[in-house]
Amino acid sequence: MINIDNIKFDDNGLIPAIIQQEQTGIVLMLAYMNRDSLLKTLETGVTWFFSRSRQSLWQKGETSGHVQKVQQMYYDCDGDTLLFKVEQVGVACHEGTLSCFSRILGQQEMEDEKKVSVPSAYGQSVSTILHELYHVVNERKRNPQTGSYTTYLFEKGQDKILKKVGEEAAETIIASKNNSKEELLYEMADLWYHCLVLLVQHDVSLSELLEELQKRRK
């Protein structure tokens, strides 16, 4: 059992817990824990919190399936704030965004009350973008949507997905032979997307793929 004697709960028996996606560093959410929810998190390996409105414990993703698998745990120098690095299944926010922190605070954004659900690719790492896309694909498998091409692929099954991977690989080769940068980018994006669909089809996480690439780098 991990010793939590150094953790300082406030007068209400609570402590703020910051939840961060381990693979990308994105801050997903902030919630509160009491002693029981912290111990339950340590025991189960998934996040549990204390609801101040309901005055009860709750597990993140218990009904939606968007659980947070704890990878690393920290507390700050004062012992009054927790940090959990997690593998987020699906999305963290109940509004459907990966992170609860999806609104930009700034003059123009405040005037327009503009909500940003998917940040632009500028300034993001490849890992961040791929993880966001992976989570969208995984969500389409878990919760099919009418009219969704991704849902259509999963409904057709592995043979259809493999056919598309093969087609996109061939089209990528042709784009390269044509020495067309624009065509290559378009076809390569299609190929990567269908490869992510194939990973989800086999319940292989993107983290596992990145770990395999990391091993080869070493």
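Can you give me the C-alpha center-to-center distance between the stretch 166-202 and the stretch 72-99, rounded to a whole angstrom? Cα centroid to Cα centroid, the span is 34 Å.
Other residues whose C-beta falls under 12 angstrom from the C-beta of Leu210 contribute a net charge of -2, scoring Lys and Arg +1 and Asp and Glu -1. Rg/Rh, computed from the Cα trace of the stretch 1-118 with Rh as the Kirkwood radius, has the value 1.00. Write down Rg/Rh for the chain, rounded to two decimals, with Rg from the C-alpha atoms and Rh from the Kirkwood relation over Cα pairs. Rounded to two decimals, Rg over Rh is 1.04.
Note on His66, His131, His94: ascending count of other Cβ atoms within 10 Å places them as His94, His66, His131, the fewest first.
GNM remark for the chain: springs join alpha carbons under 10 Å apart, and the peak mean-square fluctuation among Gln88, Gln72, Gln23 falls on Gln72. In this structure, the residue pairs whose Cα-Cα separation is over 20 Å, taken from Lys60/Lys215; Lys8/Lys40; Lys40/Lys85; Lys85/Lys141; Lys40/Lys141; Lys69/Lys164, are Lys60/Lys215; Lys85/Lys141; Lys40/Lys141; Lys69/Lys164. Rounded to whole numbers, the Karplus 3J(HN,Hα) couplings from phi for the stretch 11-20 are 4, 9, x, 10, 8, x, 10, 8, 10, 10 Hz, using 6.51 cos²θ - 1.76 cosθ + 1.60 with θ = phi - 60°, and x at Gly and Pro.
A cut-off of 5 Å between modelled amide H atoms, ignoring neighbours fewer than 5 places along the same chain, links Val86 with Gln20, Gln21, Glu22, Gln71.
Computed from point charges on the beta carbon alone (+1 for Lys and Arg, -1 for Asp and Glu), the dipole magnitude for the chain about its Cα centre is near 460 Debye. Applying a DSSP loop filter and a limit of 10 other Cβ atoms within 10 Å to the trypsin sites (Lys or Arg not before Pro) in the stretch 25-108 leaves Arg54.
Computed from Cα atoms, the angle from the helix 206-217 axis to the main principal axis of the chain rounds to 70 degrees. Rounded to the nearest whole Hz, the Karplus-based 3J(HN,Hα) values (6.51 cos²θ - 1.76 cosθ + 1.60, θ = phi - 60°) of the stretch 163-176 follow the sequence 4, 5, 4, x, 4, 5, 5, 5, 5, 5, 4, 5, 4, 5, with x at glycine and proline.
When exposed loop sites are taken as GluC sites (Glu not before Pro) in a DSSP loop with at most 12 other Cβ atoms within 10 Å, the longest stretch of the chain clear of them is 114-218. Spacing of the modelled spin labels on Lys156 and Trp58, each 7 Å from Cα toward Cβ, amounts to 3.9 nm.
Only the coordinates and a few stated rules stand behind these numbers; no lab work does. Everything numeric here is computed off the predicted structure, so don't read it as measured data. Don't worry about glycine lacking a Cβ; one is built from the backbone with ideal geometry, like all the others, and counts go over all protein chains shown.
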